[in-house]
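One structure is given here, and the rest of the page talks about it.
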């Protein structure tokens, strides 16, 4: 039986005791149904993990005894930044979750011309908490110990200036294939960014702006992929080319 992994938002030290309250305890009891003496793995997103034991569970508090620190799964040698057009509802949730599983380092929701999502400050705050919780849960499931950055939604002009290079913009009508675009970068790439559109895709002026900023326009294949599918396919291919997929 697989040992459950728990994310905790606090500092951790080898062989220390950690007190858990609130949502973390409810997760231990309701979802995992753990009892005192149970083994678990605890991590806080700093890149390591701790074998641990649930010592006590009472009065809505849990005491967990940590063991030695273990680096766990190594980070991919490739840092991937996904610049994804802000999609609606469950599509964005899926993108966040699967980006973690694919070893993406950063996900930046991008506000584009055809974006159909409108977020006021209150709703944005709720969305950010929701997406970051999805990312932490995905780390618990897949074994990753570093929680990717889920950035605040940004305008296209802002992300183009700051994104790592090389950069690729996915555009179904581009004559250049994604594989050919990657092949032209050599074998020593350690950082990369991919720009994709929302449900309605990127407009021609947006693609042109990305190209003017140094992004290579390219297509993934003969079929038009959904907003939540295209960046995930690109991330998987990038991990195969320069990352840790074998």
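The values are calculated or read from the model by the stated rules, or taken from the named source; none is laboratory data. Remember, predicted model here, so these are calculated numbers, not experimental data. Cβ atoms come from the backbone with ideal geometry, glycine included; neighbour counts cover every protein chain shown.
Annotations for the structure displayed:
- Scanning region 53-71 for residues that are touching a residue at least 24 places away in the same chain (Cβ under 8 Å), part of a strand (DSSP E or B) and under 13 Å from residue 20 (Cβ atoms) yields 54, 55, 57, 61, 62, 63, 64, 65, 66.
- Selection count, region 102-116, where residues are within 17 Å of residue 158 (Cβ to Cβ) and either within 21 Å of the chain's Cα centre (by Cα) or not assigned by TED's automatic domain parsing to the domain that holds residue 150 (or both): 8
- Residues (over 19 Å from residue 153 (Cβ atoms) and at pLDDT below 95) located in region 186-216: 186, 187, 188
- Residues that are farther than 21 Å from residue 72 by Cβ, touching a helix residue (DSSP H, G or I) at 6+ places or on another chain (Cβ under 9 Å) and in a helix (DSSP H, G or I), drawn from region 116-140: 127, 130, 131
- One residue from 206, 228 being outside any loop (DSSP other than H, G, I, E, B) and crowded, with 16+ Cβ neighbours inside 10 Å: 206
- Region 1-48, subset in a helix (DSSP H, G or I) and touching a strand residue (DSSP E or B) at 6+ places or on another chain (Cβ under 8 Å), residue surrounded by the fewest Cβ atoms within 10 Å (Cβ to Cβ): 29
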